[in-house]
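J.: This is the structure I have questions about; it appears just below.
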Amino acid sequence: MAQGNQHSGIEALGEVRGRIVLVRSDLNVPLDGPAEARVITDDGRVRASVPTIRQLADAGARVVVTAHLGRPKGAPDPAYSLAPVARRLGELLGKPVAFATDTVGESAKETVAGLEDGAVAVLENVRFNPGETSKDDAERGAFADRLAALGDAFVSDGFGVVHRKQASVYDVAQRLPHAMGGLVAAEVDVLRRLTEDPARPYVVVLGGSKVSDKLAVIDNLLDKADELLVGGGMVFTFLAALGHEVGRSLLEEDQVDACRSYLDRAGRSGVPIVLPSDIVVAAEVSAEAETQVVAADAIPADRLGLDIGPESAERFAERIRRGRTVFWNGPMGVFELDPFAAGTRAVAQALTEVDGLSVVGGGDSAAAVRKLGFAEDAFGHISTGGGASLEYLEGKQLPGLAVLD
Ligand code: ADP
Ligand code: MG
């Protein structure tokens, strides 16, 4: 996890004692259980948010944390309440955290007014307000006006959302004196090292479920990396592009041509796209399913591919260990179920053995390394933002960063 605030720009705000500082954090954690008794299954993002909040509180600011959780439809929905997350934040900070049951309404105003110097409050899920994610500048701006009216300054610390042009990320920064938080600064620092003169060999490992999300980054990395290893659910669209049968595996038909063109380009450019040679298949996605290892070009028609096979895992691990810069996004298989976790475990293990910079990006990938029992400090960096880091690596300008310049 990104650590420390040594690169933080919070000092740019000057004296914060007694001032109300809005902090946009990324507290979008996975939850389980019924709406009235939600349990956080991975609190990594809450823990990553603590240093900046603590730094501000220790400096005497009245800290008001804004964040989203999941994708509610622009209206209050108890299943997406930040209340359990605010409680967890309080436990991690070791002090009470006030909670406002609305975003910019009476509860928010009262909660903020009741803060003493050094105290912390969390506002309810900003996505309970339709203005947060609106594509209409005026509607988004109106919500940002009300958020900004609650505070004296703004700190952007939610790296997982800096690629979003949303009210609490982008518009509010235009309305208040603002600064970059330590977490965002640390993330940007690492991404810069991945894009500017990375130590070689530079190995990129991509997996996860959606090819279409990750094609743009492949496009850019084919010019920058030395090799691309592909696993996870996205493998099958590549295998289909080679003309192989993929059975009932995940397949994005409309991306097959794009995958074929990347494979062609990789062949010409000398930056190989390495695909698995064997695949773990089963008849259903279940922890009890009987599994079988088959050649990647011989997936039975009635089976689904749910992990890379042992031979591929070893081959990937070897290539990763040789890397001096390694970026990994997306699990190699359905790691949530034990029978399909071995590929992801092997890749994660190899990243811990890299002599150089190893970076894990992606919400599920980060959750996977924690679930599989790896120590966070075994990696060079675990990014809190999958989409944001991919867009950065694609070479895109991220609105939430641009607005801070
Ligand atoms: P990240 O959040 O790290 O960017 P993604 O969201 O792209 O990763 O993908 C994570 C999901 O991909 C996991 O829930 C995992 O179960 C799924 N996945 C990995 N391999 C497969 C596969 N072979 N078939 C179906 N789903 C897969
Ligand atoms: Mg994900």
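The values are calculated or read from the model by the stated rules, or taken from the named source; none is laboratory data. Just so you know, these numbers come straight off a predicted model, no measurement behind them. Using ideal geometry, Cβ is built from the backbone for each residue, glycine included, and neighbour counts are taken over all protein chains shown.
J.: Based on this model, can you work out whether S168 counts as part of a helix (DSSP H, G or I) and either in contact with a Lys or Arg (Cβ under 8 Å, 6 or more places away or on another chain) or surrounded by fewer than 16 Cβ atoms within 10 Å (Cβ to Cβ) (or both)?
T.: Numbers: part of a helix (DSSP H, G or I): no; either in contact with a Lys or Arg (Cβ under 8 Å, 6 or more places away or on another chain) or surrounded by fewer than 16 Cβ atoms within 10 Å (Cβ to Cβ) (or both): yes.
Here the answer is no, as S168 does not meet what is asked.
J.: Same structure, new question: Filter region 322-367 for residues that are out of contact with any strand residue (DSSP E or B) (no Cβ under 9 Å at 6 or more places or on another chain) and without any contact (Cβ under 8 Å) to a residue 40 or more places away in the chain; which is farthest from ligand 2 (Cβ to nearest atom)?
T.: Per the stated criteria, the residue is D355.
J.: So which pairs qualify, if the first residue must be in region 234-250 and under 17 Å from V280 (Cβ atoms), the second must be within 11 Å of ligand 1 (Cβ to nearest atom) and of a type in the set (S, T, N, Q), the Cβ gap must be under 6 Å, and the two must be at least 6 apart or on different chains?
T.: Pairs that qualify, where the first residue is under 17 Å from V280 (Cβ atoms) and the partner is within 11 Å of ligand 1 (Cβ to nearest atom) and of a type in the set (S, T, N, Q), are F236/S249.
J.: Output the residues belonging to region 254-290 that are of a type in the set (G, A, S) and part of a loop (DSSP other than H, G, I, E, B). Talk me through it step by step, then tell me what you get.
T.: Initial filter on region 254-290 (of a type in the set (G, A, S)): 258, 261, 266-267, 269-270, 277, 282-283, 286-287, 289.
G270, S277, A283, S286, A287, A289, listed by residue number.
J.: Collect the residues in region 351-364 that are buried (at least 24 other Cβ atoms within 10 Å of the Cβ), at pLDDT 95 or above and either within 10 Å of the chain's Cα centre (by Cα) or not in a strand (DSSP E or B) (or both), keeping them in residue-number order.
T.: L351, V360 - these are the residues of region 351-364 that are buried (at least 24 other Cβ atoms within 10 Å of the Cβ), at pLDDT 95 or above and either within 10 Å of the chain's Cα centre (by Cα) or not in a strand (DSSP E or B) (or both).
J.: Against the definition (assigned to a helix (DSSP H, G or I), within 16 Å of ligand 2 (Cβ to nearest atom) and either among the aromatic types (F, W, Y) or out of contact with any Cys (no Cβ under 6 Å at 6 or more places or on another chain) (or both)), how does R370 come out, yes or no?
T.: Details: assigned to a helix (DSSP H, G or I): yes; within 16 Å of ligand 2 (Cβ to nearest atom): yes; either among the aromatic types (F, W, Y) or out of contact with any Cys (no Cβ under 6 Å at 6 or more places or on another chain) (or both): yes.
So R370 fits the description; yes.
J.: While we're looking at this one, here's another question. Only one of (1) away from ligand 1 (no atom under 16 Å from the Cβ); (2) of a type outside the set (A, V, I, L, M, F, W, C); (3) closer than 17 Å to D189 by Cβ is not met by G373, so which one is it?
T.: With respect to (1) away from ligand 1 (no atom under 16 Å from the Cβ); (2) of a type outside the set (A, V, I, L, M, F, W, C); (3) closer than 17 Å to D189 by Cβ, G373 is out only on (3).
J.: Something else about it: Would you point out the residue of region 181-201, among those that are out of contact with any helix residue (DSSP H, G or I) (no Cβ under 8 Å at 6 or more places or on another chain) and not charged (D, E, K, R), that is farthest from K135 (Cα to Cα)? Spell out how you get there, then give the answer.
T.: Narrowing region 181-201 to residues out of contact with any helix residue (DSSP H, G or I) (no Cβ under 8 Å at 6 or more places or on another chain): 185-186, 189-190, 192-193, 196-200.
Subset that is not charged (D, E, K, R): 185-186, 190, 198-199.
Details: A185: 27, A186: 29, V190: 30, P198: 36, A199: 40 Å.
Residue satisfying both the conditions and the ranking: A199.
J.: Of all residues being within 13 Å of ligand 1 (Cβ to nearest atom), assigned to a helix (DSSP H, G or I) and not aliphatic (A, V, I, L, M) in region 376-405, which is farthest from the chain's Cα centre (by Cα)? Just the residue, please.
T.: Among those residues, the one meeting the criterion is E391.
J.: Still on this structure, I have one more. Kindly evaluate A367 against the criterion of being within 14 Å of ligand 1 (Cβ to nearest atom), at pLDDT 95 or above, aliphatic (A, V, I, L, M) and over 15 Å from V190 (Cα atoms). Please lay out each step first, then the result.
T.: On the way: within 14 Å of ligand 1 (Cβ to nearest atom): yes; at pLDDT 95 or above: no; aliphatic (A, V, I, L, M): yes; over 15 Å from V190 (Cα atoms): yes.
Here the answer is no, as A367 does not meet what is asked.
J.: When you scan region 296-308, how many residues do you find that are surrounded by fewer than 21 Cβ atoms within 10 Å (Cβ to Cβ) and closer than 16 Å to T237 by Cα?
T.: Step one: filter region 296-308 for residues surrounded by fewer than 21 Cβ atoms within 10 Å (Cβ to Cβ), giving 297-298, 300-302.
Those still in the list that are closer than 16 Å to T237 by Cα too: 297-298, 300-301.
Qualifying residue count for the region: 4.
J.: Name the residue, out of E36, E15, that is within 21 Å of D102 (Cβ to Cβ), surrounded by fewer than 15 Cβ atoms within 10 Å (Cβ to Cβ) and more than 18 Å from the chain's Cα centre (by Cα). Before you say what the answer is, go through the steps one by one.
T.: Numbers: E15 fails: within 21 Å of D102 (Cβ to Cβ).
Result of the check over E36, E15: E36.
J.: Out of R345, R268, R315, R322, I need the residue that is within 16 Å of ligand 1 (Cβ to nearest atom), of a type in the set (K, R) and either at pLDDT below 95 or closer than 27 Å to L390 by Cα (or both). Which one?
T.: Only one candidate passes the filter, namely R345.
J.: Among residues belonging to region 198-214 that are within 16 Å of ligand 2 (Cβ to nearest atom) and more than 15 Å from the chain's Cα centre (by Cα), point out the one that is farthest from R322 (Cα to Cα). It would help to see each step written out before you state the result.
T.: Taking region 198-214 and keeping what is within 16 Å of ligand 2 (Cβ to nearest atom), we get 205-214.
If we keep only those that are more than 15 Å from the chain's Cα centre (by Cα) too, we end up with 205, 211-212.
Details: V205: 13, V211: 26, S212: 29 Å.
Per the stated criteria, the residue is S212.
J.: Tell me which residues, restricted to region 188-243, are more than 15 Å from ligand 1 (Cβ to nearest atom) and either part of a strand (DSSP E or B) or among the polar types (S, T, N, Q) (or both).
T.: T195, Y202, V203, N220, E227, L228
J.: So, one more: Name the residues in region 376-392 that are touching a residue at least 40 places away in the same chain (Cβ under 8 Å) and either within 16 Å of ligand 2 (Cβ to nearest atom) or surrounded by 22 or more Cβ atoms within 10 Å (Cβ to Cβ) (or both), would you? Walk me through it before giving the result.
T.: First, the residues of region 376-392 that are touching a residue at least 40 places away in the same chain (Cβ under 8 Å): 376, 380-392.
Result: H381, I382, S383, T384, G385, G386, G387, A388, S389, L390, E391, Y392.
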